[in-house]
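Working notes, beginning with the structure itself.
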Amino acid sequence: MRLTIPVLAILSLSLAACGDAPQSTAPTGGAMPVMQDVPGLTPGMTREEAAAAMGGEAGFENDIMQAGLTCVSYLTGATYAHGIFRDGTLERASGGHMMPCTFDPSI
């Protein structure tokens, strides 16, 4: 049980890092650019509308801790934009990420 609380805390921080701005630490230990708005992505869009606006998806990951929550990556030049969708509807997005979306706390 003692291990459960730290693991849940790490998962919560990982989820918060995906799609929220700004972030000060990078999963890889390098400098991460300041998170930025993503032109073309607005809350309330469907996943299909977002893919059309961003030129397709560059990967996605479903959150195993929260049913219906998905982080979708879009390649934007040399960085990624992340869109957080709940049940197929965009809740929030941020850009300037060095890696595709992940809910994996070890990355």
Name every residue in the stretch 41-61 that is on the phi > 0 side of the Ramachandran plot and either part of a strand (DSSP E or B) or touching a Lys or Arg at 6+ places or on another chain (Cβ under 9 Å) (or both), in order of residue number. GLY59
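Taking the condition of being at pLDDT 90 or above and outside any strand (DSSP E or B), how many residues in the stretch 62-76 meet it? I'd like the intermediate steps shown before the answer.
Going residue by residue through the stretch 62-76, those that are at pLDDT 90 or above are 62-63, 68-76.
Filter again for outside any strand (DSSP E or B), leaving 63, 68.
Of the residues in that region, 2 qualify.
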Looking only at the stretch 63-79, which residues are more than 9 Å from the chain's Cα centre (by Cα) and surrounded by 14 or more Cβ atoms within 10 Å (Cβ to Cβ)? ASP63, LEU69, TYR74, LEU75, THR76, THR79
Restrict the check to the stretch 86-107 and report whether at least one residue is free of Cβ contacts under 8 Å to residues at least 40 places away in the same chain and among the aromatic types (Phe, Trp, Tyr). no
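Suppose we keep only residues that are polar (S, T, N, Q) and closer than 21 Å to THR79 by Cα within the stretch 9-61. Which one would you say is modelled with the highest pLDDT? Break it down into steps so the answer makes sense when it comes.
Going residue by residue through the stretch 9-61, those that are polar (S, T, N, Q) are 12, 14, 23-25, 28, 36, 42, 46.
Next, only the ones that are closer than 21 Å to THR79 by Cα stay: 14, 23-25, 28, 36, 42.
Values: SER14: 44, GLN23: 35, SER24: 29, THR25: 29, THR28: 35, GLN36: 70, THR42: 91.
Here the answer is THR42.
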Give me a count of the residues in the stretch 80-107 that are in contact with a Cys (Cβ under 6 Å, 6 or more places away or on another chain) and either surrounded by 22 or more Cβ atoms within 10 Å (Cβ to Cβ) or in a loop (DSSP other than H, G, I, E, B) (or both). 2
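The values are calculated or read from the model by the stated rules, or taken from the named source; none is laboratory data. Fair warning: this is a prediction, and the values are worked out from it, not measured in the lab. Positions of Cβ are generated from backbone atoms using ideal geometry, with glycine treated the same way; all protein chains shown enter the neighbour counts.
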